[in-house]
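Structure first, commentary second.
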Amino acid sequence: MNIVHISAECYPIAKVGGLADVVGALPKYQNSATMSSQVIMPFYNNTFTKAHTFNTVYNSQLNLGDISYPFKILTLKKSPLDFDIFFVDVPELLFKEYVYSNDDTERFLAFQIAALDWMLNWDTYPNYIHCHDHHTGLIPFMLQESFKYERFRKTPNVLTIHNAQYQGWFSHNKVHLIPAFNFENAGLLDWDGSVNPLAAAIKCAWRVTTVSPTYMEELKVSANGLEDLLNHESAKCSGILNGIDWNVWNPETDNYLISNYNIETVISGKKANKKHLCDTFNLDFNKPLFAFIGRLVGEKGSDLFPETFKKVLDKGDASILLLGSGHEEVEVQLEALKKEYKGTYNAFIGYDEALSHIIYAGADFLLMPSRVEPCGLNQMYALRYGTIPIVRSIGGLKDTVIDISEKNGFGICHADVTVSNITNAIERGVSLYENNSTYKKLTKQIMEINHSWDTSAKAYIKLYKSIN
Ligand code: ADP
Ligand code: GLC
């Protein structure tokens, strides 16, 4: 069985968020004696591509309407990955320092066309084509409708929705950029008057999955305009919870950590990492450390951070450390708080993979007050590193964190995203931390929760097999 994942991101090559982590891990866990799983992604001009060398395996031209663009398919000369990866190099469109910007329609259309054009030349066609998010959402439509891809009509394809907030909308004026298709079916591209790649994929894919079961149910009620469509297509939709890369995210071997640890040494190991964070960011080591790592956007509740943090820090019984970037207004406010709360608050505005690992290890609690969370990987990393998650019960967070007040509970959960709910949840964390023996017991207990990809990778295989 041969599976091809097509995605805009893949860790460690290009990462904006959790999509990269998933596409960089799932293929490893799918590869086996009877199965080969590979990835096709864009060739960006980033740190990874600058540090590696590549071979060209295919050279051609693609058309976006009347304009022709040269493209190449590249492979790594020496790959650090456990699966095959191929890069679509369209120098004029994709070879940028960024992954996403405001010219994404042409860029990702070119990516999708180049990937399929190349696959037409393969000696053996893949058994399954697996698309991720709206950046690859026109593939199921093109496989079904574009004349040039007729050979793939019988190749099953799967769409995984990592985030339905972003749908890739563009105007019907650009529809001529899509390789010629039976125009009678142009309606498949439309949702509410725009070309909507995510909607087109939900209509045309053979199966649609979301990255947690609860998120699938939530989308039927709230999906940024696609609720009716998801209800209509519900027979082919299901939720499969993400896993995490058990080897990359392992406190015992993680090279980014100041001190490695396992379940026996977690208390001293976490202390050493916390000490480093407190020294580096001038934070009071004796107070419980609450951390946030992520995109500073409305979905993550970040607009409420400045007010919430002030309330918490005014009480004086906690420290807060934030790592993230996003909305400028929020970034400015979070920077400004530093002066006011020297010694108990700090923030690194930006992206830093190494620091994120040290924070998962050194923090006592990880905050995730998300308004929307299709799955969320941070809470699973936190558990693996013995850090107690404080989450809003929604989407994948609801599927992975049980409140300490419930049977077998280990985290702190709250309802709607409000300043008082988040503040109260943090206060519950402070009380838990003060109850030293319960806190220490929980730290060990959560490290035993297994969210490795093993189970979920099997669920995908079962799904592929159910299609034939
Ligand atoms: P999303 O994909 O919605 O951003 P996830 O929880 O699925 O959320 O995944 C986020 C991933 O991105 C995690 O691996 C997290 O550690 C990482 N991440 C987010 N922001 C940063 C940052 N500023 N620096 C380093 N890593 C980050
Ligand atoms: C998206 C979601 C996040 C999920 C990630 C990986 O970025 O926002 O919740 O964990 O994709 O599937």
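So, residue 114, is that one part of a helix (DSSP H, G or I), touching a residue at least 24 places away in the same chain (Cβ under 8 Å) and over 17 Å from residue 206 (Cα atoms) or not? Spell out the reasoning first.
Working: part of a helix (DSSP H, G or I): yes; touching a residue at least 24 places away in the same chain (Cβ under 8 Å): yes; over 17 Å from residue 206 (Cα atoms): yes.
Spelling it out, residue 114 is indeed part of a helix (DSSP H, G or I), touching a residue at least 24 places away in the same chain (Cβ under 8 Å) and over 17 Å from residue 206 (Cα atoms).
Against the definition (among the aromatic types (Phe, Trp, Tyr) and open to solvent by 30 Å² or more (accessible area, probe 1.4 Å)), how does residue 256 come out, yes or no? Even if it seems obvious, please write down each step before you answer.
On the way: among the aromatic types (Phe, Trp, Tyr): yes; open to solvent by 30 Å² or more (accessible area, probe 1.4 Å): yes.
Yes: the conditions hold for residue 256.
Can you tell me how many residues within segment 239-253 are surrounded by fewer than 19 Cβ atoms within 10 Å (Cβ to Cβ) and within 15 Å of ligand 2 (Cβ to nearest atom)?
Initially, segment 239-253 is screened for residues surrounded by fewer than 19 Cβ atoms within 10 Å (Cβ to Cβ), giving 246-248, 250, 252-253.
Now restrict to residues that are within 15 Å of ligand 2 (Cβ to nearest atom): 248.
The total comes to 1.
Kindly indicate whether residue 187 is small (Gly, Ala, Ser) and either under 23 Å from residue 467 (Cα atoms) or assigned to a loop (DSSP other than H, G, I, E, B) (or both). Spell out the reasoning first.
Numbers: small (Gly, Ala, Ser): yes; either under 23 Å from residue 467 (Cα atoms) or assigned to a loop (DSSP other than H, G, I, E, B) (or both): no.
Spelling it out, it is not the case that residue 187 is small (Gly, Ala, Ser) and either under 23 Å from residue 467 (Cα atoms) or assigned to a loop (DSSP other than H, G, I, E, B) (or both).
Sort through 307, 353 and tell me the only one that's more than 30 Å from residue 450 (Cβ to Cβ) and either surrounded by fewer than 19 Cβ atoms within 10 Å (Cβ to Cβ) or within 12 Å of ligand 1 (Cβ to nearest atom) (or both).
Numbers: 353 fails: more than 30 Å from residue 450 (Cβ to Cβ).
On inspection, the qualifying residue turns out to be 307.
Return only the number of the condition from (1) under 24 Å from residue 251 (Cβ atoms); (2) more than 10 Å from ligand 1 (Cβ to nearest atom); (3) open to solvent by less than 20 Å² (accessible area, probe 1.4 Å) that residue 404 does not satisfy.
(3)
Counting just the residues of segment 109-154 that are open to solvent by less than 10 Å² (accessible area, probe 1.4 Å) and polar (S, T, N, Q), which one comes out nearest to residue 394 (Cα to Cα)?
By that ranking, first place goes to 136.
Looking only at segment 377-388, which residues are open to solvent by less than 10 Å² (accessible area, probe 1.4 Å) and either in the same structural domain as residue 216 (by TED's automatic domain parsing) or closer than 21 Å to residue 20 by Cβ (or both)? I'd like the intermediate steps shown before the answer.
As a first pass, look at segment 377-388 and keep what is open to solvent by less than 10 Å² (accessible area, probe 1.4 Å): 379-383, 385-388.
379, 380, 381, 382, 383, 385, listed by residue number.
Checking residue 411 against (1) open to solvent by 10 Å² or more (accessible area, probe 1.4 Å); (2) more than 10 Å from ligand 1 (Cβ to nearest atom), only one condition comes out false. Which one?
Checking residue 411 against (1) open to solvent by 10 Å² or more (accessible area, probe 1.4 Å); (2) more than 10 Å from ligand 1 (Cβ to nearest atom), the one that fails is (1).
Residue 209 passes all but one of (1) in contact with a strand residue (DSSP E or B) (Cβ under 9 Å, 6 or more places away or on another chain); (2) part of a loop (DSSP other than H, G, I, E, B); which number fails?
(2)
Can you go through 336, 361 and tell me which one is away from ligand 2 (no atom under 16 Å from the Cβ) and buried (at least 24 other Cβ atoms within 10 Å of the Cβ)? Write out each step before concluding.
Details: 336 fails: buried (at least 24 other Cβ atoms within 10 Å of the Cβ).
Just one listed residue meets the conditions, 361.
Hey, among the residues in segment 70-80 that are in contact (Cβ under 8 Å) with a residue 12 or more places away in the chain and open to solvent by 30 Å² or more (accessible area, probe 1.4 Å), which one's farthest from residue 118 (Cα to Cα)?
As a first pass, look at segment 70-80 and keep what is in contact (Cβ under 8 Å) with a residue 12 or more places away in the chain: 70-78, 80.
Pick out the ones that are also open to solvent by 30 Å² or more (accessible area, probe 1.4 Å) and you get 70, 72, 77-78, 80.
Details: 70: 13, 72: 9, 77: 19, 78: 22, 80: 24 Å.
Residue satisfying both the conditions and the ranking: 80.
Looking at this structure, is residue 281 among the aromatic types (Phe, Trp, Tyr), within 13 Å of residue 367 (Cβ to Cβ) and surrounded by 18 or more Cβ atoms within 10 Å (Cβ to Cβ)?
Numbers: among the aromatic types (Phe, Trp, Tyr): yes; within 13 Å of residue 367 (Cβ to Cβ): no; surrounded by 18 or more Cβ atoms within 10 Å (Cβ to Cβ): yes.
Criteria not met by residue 281.
Go through segment 365-379 and report how many residues are closer than 19 Å to residue 419 by Cβ and within 8 Å of ligand 2 (Cβ to nearest atom).
Qualifying residue count, segment 365-379: 3.
Given the conditions (1) among the aliphatic types (A, V, I, L, M); (2) open to solvent by less than 10 Å² (accessible area, probe 1.4 Å); (3) in a helix (DSSP H, G or I), report the number of the one that residue 432 does not fulfil.
(2)
Is it the case, given these coordinates, that residue 60 is away from ligand 1 (no atom under 16 Å from the Cβ), among the small types (Gly, Ala, Ser), buried (at least 22 other Cβ atoms within 10 Å of the Cβ) and without any contact (Cβ under 8 Å) to a residue 60 or more places away in the chain? First the steps, then the outcome.
Numbers: away from ligand 1 (no atom under 16 Å from the Cβ): yes; among the small types (Gly, Ala, Ser): yes; buried (at least 22 other Cβ atoms within 10 Å of the Cβ): no; without any contact (Cβ under 8 Å) to a residue 60 or more places away in the chain: yes.
When the stated conditions are applied, residue 60 does not pass them.
Within segment 316-325, is even one residue in the same structural domain as residue 360 (by TED's automatic domain parsing) and open to solvent by 60 Å² or more (accessible area, probe 1.4 Å)?
First, pick out the residues of segment 316-325 that are in the same structural domain as residue 360 (by TED's automatic domain parsing): 316-325.
Still in the list and also open to solvent by 60 Å² or more (accessible area, probe 1.4 Å): none.
The answer is no, given that none of the residues of segment 316-325 is in the same structural domain as residue 360 (by TED's automatic domain parsing) and open to solvent by 60 Å² or more (accessible area, probe 1.4 Å).
When you go through 42, 27 one by one, which is the residue that is free of Cβ contacts under 8 Å to residues at least 60 places away in the same chain, open to solvent by less than 30 Å² (accessible area, probe 1.4 Å), in the same structural domain as residue 165 (by TED's automatic domain parsing) and within 24 Å of residue 163 (Cα to Cα)? Full working, then the answer.
On the way: 42 fails: free of Cβ contacts under 8 Å to residues at least 60 places away in the same chain.
The match here is 27.
Here are 235, 201: which of them is part of a helix (DSSP H, G or I) and open to solvent by 30 Å² or more (accessible area, probe 1.4 Å)?
On the way: 201 fails: open to solvent by 30 Å² or more (accessible area, probe 1.4 Å).
Among 235, 201, only 235 is part of a helix (DSSP H, G or I) and open to solvent by 30 Å² or more (accessible area, probe 1.4 Å).
The values are calculated or read from the model by the stated rules, or taken from the named source; none is laboratory data. Bear in mind that the values here come from a model prediction, so they are computed numbers and not experimental data. With ideal geometry, Cβ positions are generated from the backbone for all residues, glycine too; neighbour counts draw on all protein chains shown. Remember, those area values only see protein heavy atoms, side chains included, never the ligands or the DNA or RNA. Shrake-Rupley method; radii C 1.70, N 1.55, O 1.52, S 1.80 Å.
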